[in-house]
Amino acid sequence: MELTIENKAYIDRSVLCWLASVSSENIPNVSPKEIFNYYGNKKIIVANIASPQTIRNIKHNQNVCVSFIDILVQKGFQIKGKAKIITKNNADFLEMEKILTKMTGGNFPFSTITEITINQIKPIIAPKYILYPETTEMEQIENAKKTYRL
């Protein structure tokens, strides 16, 4: 499964993603991640800034789910895949680190990166688009701005 131009555009304009993992006791954990990006067309990368539970869970079970949306348009994507923890001795670490450090401006140190190989991509859209098909993205943006007082 590969990321499309549209998927990448939503990643670029999403402030957070939500990374879901599962503990060794089969307890789900969802954690917001601010520093994430795509890596090529088949991977999502996430800086492990304050992620001890997520890292423990991935070491136990590589199946994860990442969701992100444009909060104003209220559309985005859910991505499922296999995660692994990339350390500094991995050949790709430096290239991944450059992408993520550019986003942090160097203000959030991290020593590992979660790399997610994509297996499935599914759109997320606000129910209003389904219930009221005439809804436009501009209307949705205006409503969101009012709701969030922007």
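The values are calculated or read from the model by the stated rules, or taken from the named source; none is laboratory data. The structure displayed is predicted, hence computed values, not measured ones. A quick note on method: Cβ atoms are made from the backbone with ideal geometry, for glycine too, and the neighbour counts reach across all protein chains shown. For the accessible areas, the whole protein counts, side chains as well, though only heavy atoms, and no ligand, DNA or RNA atoms are used. Shrake-Rupley method; radii C 1.70, N 1.55, O 1.52, S 1.80 Å.
Going by what's in this entry, would residue 30 be described as open to solvent by 40 Å² or more (accessible area, probe 1.4 Å) and in contact (Cβ under 8 Å) with a residue 12 or more places away in the chain?
Yes: the conditions hold for residue 30.
What number goes with the only condition from (1) open to solvent by 40 Å² or more (accessible area, probe 1.4 Å); (2) under 14 Å from residue 114 (Cα atoms); (3) part of a strand (DSSP E or B) that residue 65 does not pass?
Of everything listed in (1) open to solvent by 40 Å² or more (accessible area, probe 1.4 Å); (2) under 14 Å from residue 114 (Cα atoms); (3) part of a strand (DSSP E or B), residue 65 misses just condition (1).
Is one or more of the residues making up the range 8-18 open to solvent by less than 50 Å² (accessible area, probe 1.4 Å), closer than 20 Å to residue 120 by Cα and among the aliphatic types (A, V, I, L, M)?
Looking for residues that are open to solvent by less than 50 Å² (accessible area, probe 1.4 Å), closer than 20 Å to residue 120 by Cα and among the aliphatic types (A, V, I, L, M), one finds at least one in the range 8-18, hence yes.
Do we find that residue 31 is hydroxyl-bearing (Ser, Thr, Tyr), part of a loop (DSSP other than H, G, I, E, B) and over 14 Å from residue 112 (Cβ atoms) in this structure?
no
Kindly indicate which of 115, 137 is acidic (Asp, Glu), over 24 Å from residue 39 (Cα atoms) and in contact (Cβ under 8 Å) with a residue 40 or more places away in the chain. Show your work before the answer.
Numbers: 115 fails: over 24 Å from residue 39 (Cα atoms).
It is 137.
In the range 99-138, which residues are over 21 Å from residue 78 (Cα atoms), open to solvent by 90 Å² or more (accessible area, probe 1.4 Å) and outside any loop (DSSP other than H, G, I, E, B)?
Within the range 99-138, 102, 138 qualify.
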